[in-house]
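A.B. asks: Can you keep this structure in mind? I'll have questions shortly.
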Amino acid sequence: MSRLRLTGISKHFGAIQALSDVSLDLAEGQVLGLMGDNGAGKSTLVKIIAGNFAPTHGTIALDGRPCTFHRPRDAQREGIEVVYQDLALCDNLTAASNVFLGRELTRRLGPLRIVDYAAMRQRSAAIFATLKSETRPRDLVRRMSGGQRQAVAIARTLVAEPKVVLMDEPTAAISVRQVAEVLDLIRRLRDRGIAVLLISHRMPDVFAVCDRIAVLRRGALVADMATAATSPEEVTGLITGAIETRFGRAA
Amino acid sequence: MTNSLESAIAQSQHRSALSRIMGLQVFWVFLAAVLACAALTLLTDTFATERNLFNVTRNFAFVAIMAIGMTTVIASGGIDLSVGSSVVLAAVVIGVFMEAGHPFWLSALAALGAALLVGLTNGLLIAVVGMPPFVVTLGMMSFARSLALVLSNNKMIYEFGPDHAILLGLGGGRLFGIPNPVIVLVLIAAVMAFVYRWTRWGQHVFAIGGNESAALMTGIPVRAIKVSVYMFSAFTAGVAGILMVGWLGSVTTNLGTSMELAVIAAAVIGGANLSGGEGSVAGAVIGALLIEVIRNSLILLGISTFWQGAFIGFFIILVVAFDRLKALR
Ligand SMILES: Nc1ncnc2c1ncn2[C@@H]1O[C@H](COP(=O)(O)OP(=O)(O)O)[C@@H](O)[C@H]1O
Ligand SMILES: [Mg+2]
């Protein structure tokens, strides 16, 4: 059964049609690469799945159950986590505070509930350890390298046991060594049975970790195929429009 | 391996304890204020007198109370230019109510209610309608002061009905030798230092100031928090307004005029970063203290008070330059 199923998703921003009639399936433990040119609608799709925007039309189903997300919190509650393109980190806060941003751990102090920094530091240290990252929970994000910032953003998705992790260009602005780390991490997520939707411009990354590749062009889905059944050349053609579509052919 | 890593972490934390204090703007501003006090004690016979210290501490308390509200707004990435007008509005409301014979508590609640309404309006226009804080609060600065003029018909109020003595005692009196406004300041400062550090609300205010879209995406109730921040700022202005009426024994409609400048200056000198995400309660209080010490010292040293603005302006630019320097290093 599919973990995440999108059916007929469309999104308008005023006169701009960012997405039209996009349907996608994502299975447990599967990595789906979503590719497309700038402005193709990839980030918009991620934000709809994550509850940042409501779709103009279409439905989202998780484990066969239809879901409506009014807020990111609703999607989080259902086990959907996102690593945003800009990482969505607060430079002025510590790594631990960023990992738990919006869902800070608290403890009782008499009649009050106060933020439990010690517990947040401990748990984020444990997550960083599983990611084999040297990021220290107490450090301010402002002083961190690109790879460490990436680790913070990814650690954030692992706070709750997620069902689906959406990654918007996680390897866009980091060094080659760090890309390898992130790809390793994606494999680790997959091995835990998490369904991963990976948006990337980098063809080698997508071919390295994805089981399937889908292509968006000007808001419409033009391909959804097994990685083994395609090639970087074909994907490039689909992205640019040199190849019209892969639908109607055997996948 | 783990051991050496942990000891490395411990070491780096140890080192940062000292350098963190040195790196804190609040520390240097506090040092400047202490040095200024020491110099004044030596240079004049008038500074360290009980009477002068009483005046200095009381005067600074009003600005400091409001600077805590302003620091909260600035930490969330906003600005509130309407605080001076909230002061006069709260003052006029409590004056009109008490003059009409209402008890102190009811009048004070009405005054705080009026201030909170100003903050609510600011907050809704900024957080929900999405207008820039500078413009909204600039408009409100004009609007609220005009409202105060209308309410008072621009007449001075100095008769406060049956609870006259309570009001004057609250603003002008002292408890254990400490001016009442200072006691109020200490209470608000203690509560807010706790709130900044230990509550989710505090974390969220700083998160919004650090990266608003990140705060939104992680599900922080950004709008509600921004509204509450402007309401808190207005609340501190309302409290200061009530205390000022008690201290002065009268309400005039020029109360709080251009006070927003002193309050913003105090917050910024105390380390609040106008681009958001930084600021502290201690900084707000120490910033306000430094401004009052400068003001007082010019008077005591017989320097024309026309120089006040120059000194305060100099300090604002100095601390921001200091910040830039730190960023470059
Ligand atoms: N919040 C928004 N308001 C208006 N238009 C938007 C918004 N977000 C995205 N768009 C538009 O939707 C289209 C798709 O954008 P996006 O999803 O960011 O593309 P991608 O991530 O594939 O580069 C673009 O034309 C973009 O300008
Ligand atoms: Mg994008």
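The values are calculated or read from the model by the stated rules, or taken from the named source; none is laboratory data. Here the structure is a predicted model, which is why all the values come from computation and not from measurement. We place every Cβ from the backbone using ideal geometry, glycine too, and count neighbours over all the protein chains shown. The area values use the complete protein model at the heavy-atom level, side chains included, leaving out ligands, DNA and RNA. Shrake-Rupley method; radii C 1.70, N 1.55, O 1.52, S 1.80 Å.
A.B. asks: State which residue is nearest to the other protein chains (Cβ to nearest Cβ) when the search covers only the range B:193-214 and only residues that are surrounded by fewer than 21 Cβ atoms within 10 Å (Cβ to Cβ) and among the aliphatic types (A, V, I, L, M).
C.D. replies: Going through the qualifying residues, I end up with B:V195.
A.B. asks: In addition: Report the residue count in the range B:234-252 for those that are over 13 Å from the mean Cα position of the chain (by Cα) and crowded, with 20+ Cβ neighbours inside 10 Å. Give the steps one after another, and end with the answer.
C.D. replies: The initial filter retains those residues of the range B:234-252 that are over 13 Å from the mean Cα position of the chain (by Cα), namely B:242-252.
Of the ones still in play, those that are also crowded, with 20+ Cβ neighbours inside 10 Å are B:242-247, B:251.
Of the residues in the range B:234-252, 7 are over 13 Å from the mean Cα position of the chain (by Cα) and crowded, with 20+ Cβ neighbours inside 10 Å.
A.B. asks: Could you please find all residues in the range B:45-101 being buried (at least 24 other Cβ atoms within 10 Å of the Cβ) and of a type in the set (S, T, Y)?
C.D. replies: Within the range B:45-101, B:T71, B:T72, B:S76, B:S82, B:S85, B:S86 qualify.
A.B. asks: List, please: which pairs have Cβ atoms under 9 Å, are six or more places apart or on different chains, and start with a residue in the range A:103-129 that is closer than 18 Å to A:L140 by Cβ and facing chain B (nearest Cβ under 8 Å) and end with one that is part of a strand (DSSP E or B) and of a type outside the set (K, R)?
C.D. replies: As it stands, the answer is A:E104/A:V115; A:V115/A:T106, since those pairs meet every condition given.
A.B. asks: Right, here's the next one. Which condition does A:S43 not pass, out of (1) within 16 Å of ligand 1 (Cβ to nearest atom); (2) over 22 Å from A:T245 (Cα atoms); (3) open to solvent by 30 Å² or more (accessible area, probe 1.4 Å); (4) within 14 Å of chain B (Cβ to nearest Cβ), if it passes all the others?
C.D. replies: Condition not satisfied by A:S43: (2).
A.B. asks: Ok, one more. Pull up the range B:102-131, narrow it to residues that are open to solvent by 40 Å² or more (accessible area, probe 1.4 Å) and within 21 Å of the chain's Cα centre (by Cα), then point me to the one that is farthest from B:G84 (Cα to Cα).
C.D. replies: B:L109
A.B. asks: Just one of (1) of a type in the set (S, T, Y); (2) modelled with pLDDT of 95 or more; (3) open to solvent by less than 30 Å² (accessible area, probe 1.4 Å) trips up B:S228, so point out which.
C.D. replies: Looking at each condition in turn, B:S228 falls short on (3).
A.B. asks: Of all residues in the range A:15-40, how many are within 11 Å of ligand 2 (Cβ to nearest atom) and either open to solvent by less than 20 Å² (accessible area, probe 1.4 Å) or on the phi > 0 side of the Ramachandran plot (or both)?
C.D. replies: From the range A:15-40, those within 11 Å of ligand 2 (Cβ to nearest atom) are A:18, A:34, A:36-40; that's our starting set.
Still in the list and also either open to solvent by less than 20 Å² (accessible area, probe 1.4 Å) or on the phi > 0 side of the Ramachandran plot (or both): A:18, A:34, A:36, A:39-40.
The total comes to 5.
A.B. asks: Return yes or no: is A:I239 within 16 Å of ligand 1 (Cβ to nearest atom) and more than 19 Å from A:I49 (Cβ to Cβ)? Give the derivation first.
C.D. replies: Values: within 16 Å of ligand 1 (Cβ to nearest atom): yes; more than 19 Å from A:I49 (Cβ to Cβ): yes.
Considered against the rule, which asks whether it is within 16 Å of ligand 1 (Cβ to nearest atom) and more than 19 Å from A:I49 (Cβ to Cβ), A:I239 comes out as yes.
A.B. asks: Quick one: B:P179 ticks every box in (1) more than 14 Å from chain A (Cβ to nearest Cβ); (2) modelled with pLDDT under 95; (3) in contact with a Ser or Thr (Cβ under 9 Å, 6 or more places away or on another chain); (4) within 14 Å of B:T71 (Cα to Cα) except a single one, so which number is it?
C.D. replies: Of (1) more than 14 Å from chain A (Cβ to nearest Cβ); (2) modelled with pLDDT under 95; (3) in contact with a Ser or Thr (Cβ under 9 Å, 6 or more places away or on another chain); (4) within 14 Å of B:T71 (Cα to Cα), only one is false for B:P179: (4).
A.B. asks: Next question, about the same structure. If I filter the range B:215-230 down to residues being within 14 Å of chain A (Cβ to nearest Cβ) and part of a helix (DSSP H, G or I), which single residue comes out as farthest from B:T121 (Cα to Cα)? Full working, then the answer.
C.D. replies: In the first step, residues of the range B:215-230 are kept if they are within 14 Å of chain A (Cβ to nearest Cβ); the result is B:215-225.
Restricting the remaining residues to those that are part of a helix (DSSP H, G or I) gives B:215-217, B:222-225.
Working: B:A215: 22, B:L216: 21, B:M217: 25, B:V222: 16, B:R223: 13, B:A224: 13, B:I225: 14 Å.
It comes out as B:M217.
A.B. asks: Against the condition within 15 Å of ligand 1 (Cβ to nearest atom), under 26 Å from A:P204 (Cα atoms) and not in a helix (DSSP H, G or I), how does A:A54 come out, does it pass? It would help to see each step written out before you state the result.
C.D. replies: Values: within 15 Å of ligand 1 (Cβ to nearest atom): yes; under 26 Å from A:P204 (Cα atoms): no; not in a helix (DSSP H, G or I): yes.
No, not satisfied.
A.B. asks: Run down A:L140, A:L166, A:L183 and say which single residue is in contact with a strand residue (DSSP E or B) (Cβ under 9 Å, 6 or more places away or on another chain) and either without any contact (Cβ under 8 Å) to a residue 40 or more places away in the chain or away from ligand 2 (no atom under 16 Å from the Cβ) (or both). Spell out how you get there, then give the answer.
C.D. replies: Numbers: A:L166 fails: either without any contact (Cβ under 8 Å) to a residue 40 or more places away in the chain or away from ligand 2 (no atom under 16 Å from the Cβ) (or both); A:L183 fails: in contact with a strand residue (DSSP E or B) (Cβ under 9 Å, 6 or more places away or on another chain).
After applying the criteria, what remains is A:L140.
A.B. asks: Moving to a separate point now. Is one or more of the residues making up the range A:1-11 more than 18 Å from the chain's Cα centre (by Cα) and within 16 Å of ligand 2 (Cβ to nearest atom)?
C.D. replies: Yes, the range A:1-11 has at least one match.
A.B. asks: Please give the helices (runs of 4 or more DSSP H) falling wholly within the range A:70-154 in which 1 or more residues are at pLDDT below 90. Reasoning before the result, please.
C.D. replies: Values: elements: A:72-77, A:95-99, A:117-130.
Where helices (runs of 4 or more DSSP H) fall fully within the range A:70-154 and carry at least 1 residues being at pLDDT below 90, they are A:72-77, A:117-130.
A.B. asks: Considering every residue within the range B:293-304, establish whether at least one is open to solvent by less than 20 Å² (accessible area, probe 1.4 Å), within 18 Å of the chain's Cα centre (by Cα) and in contact (Cβ under 8 Å) with a residue 40 or more places away in the chain.
C.D. replies: Taking every residue of the range B:293-304 in turn, at least one turns out to be open to solvent by less than 20 Å² (accessible area, probe 1.4 Å), within 18 Å of the chain's Cα centre (by Cα) and in contact (Cβ under 8 Å) with a residue 40 or more places away in the chain.
A.B. asks: Of all the residues that make up the range A:102-115, how many are in contact with a helix residue (DSSP H, G or I) (Cβ under 6 Å, 6 or more places away or on another chain) and more than 18 Å from B:V195 (Cβ to Cβ)? Break it down into steps so the answer makes sense when it comes.
C.D. replies: Initial filter on the range A:102-115 (in contact with a helix residue (DSSP H, G or I) (Cβ under 6 Å, 6 or more places away or on another chain)): A:104-105, A:114-115.
Cutting the leftovers down to more than 18 Å from B:V195 (Cβ to Cβ) gives us none.
Summing the residues that are in contact with a helix residue (DSSP H, G or I) (Cβ under 6 Å, 6 or more places away or on another chain) and more than 18 Å from B:V195 (Cβ to Cβ) in the range A:102-115 gives 0.
A.B. asks: Of all residues being open to solvent by less than 30 Å² (accessible area, probe 1.4 Å) and of a type in the set (F, W, Y) in the range A:48-102, which is nearest to the other protein chains (Cβ to nearest Cβ)? Just the residue, please.
C.D. replies: Initial filter on the range A:48-102 (open to solvent by less than 30 Å² (accessible area, probe 1.4 Å)): A:48-51, A:60-62, A:67, A:69, A:72, A:74-75, A:79-84, A:87-90, A:92-93, A:95-102.
Adding the requirement that they be of a type in the set (F, W, Y) leaves A:69, A:84, A:100.
Numbers: A:F69: 11, A:Y84: 6, A:F100: 9 Å.
Of everything passing the filter in the range A:48-102, A:Y84 is nearest to the other protein chains (Cβ to nearest Cβ).
A.B. asks: Assess whether A:A155 counts as being hydrophobic (A, V, I, L, M, F, W, C), away from ligand 2 (no atom under 16 Å from the Cβ) and over 15 Å from the mean Cα position of the chain (by Cα).
C.D. replies: Values: hydrophobic (A, V, I, L, M, F, W, C): yes; away from ligand 2 (no atom under 16 Å from the Cβ): yes; over 15 Å from the mean Cα position of the chain (by Cα): no.
Taking the combined requirement at face value, the residue does not satisfy it.
A.B. asks: What about A:L34, is it among the hydrophobic types (A, V, I, L, M, F, W, C) and either within 11 Å of ligand 1 (Cβ to nearest atom) or out of contact with any helix residue (DSSP H, G or I) (no Cβ under 8 Å at 6 or more places or on another chain) (or both)? Can you show your working first?
C.D. replies: Values: among the hydrophobic types (A, V, I, L, M, F, W, C): yes; either within 11 Å of ligand 1 (Cβ to nearest atom) or out of contact with any helix residue (DSSP H, G or I) (no Cβ under 8 Å at 6 or more places or on another chain) (or both): yes.
Yes; evaluated as a whole, the condition is true for this residue.
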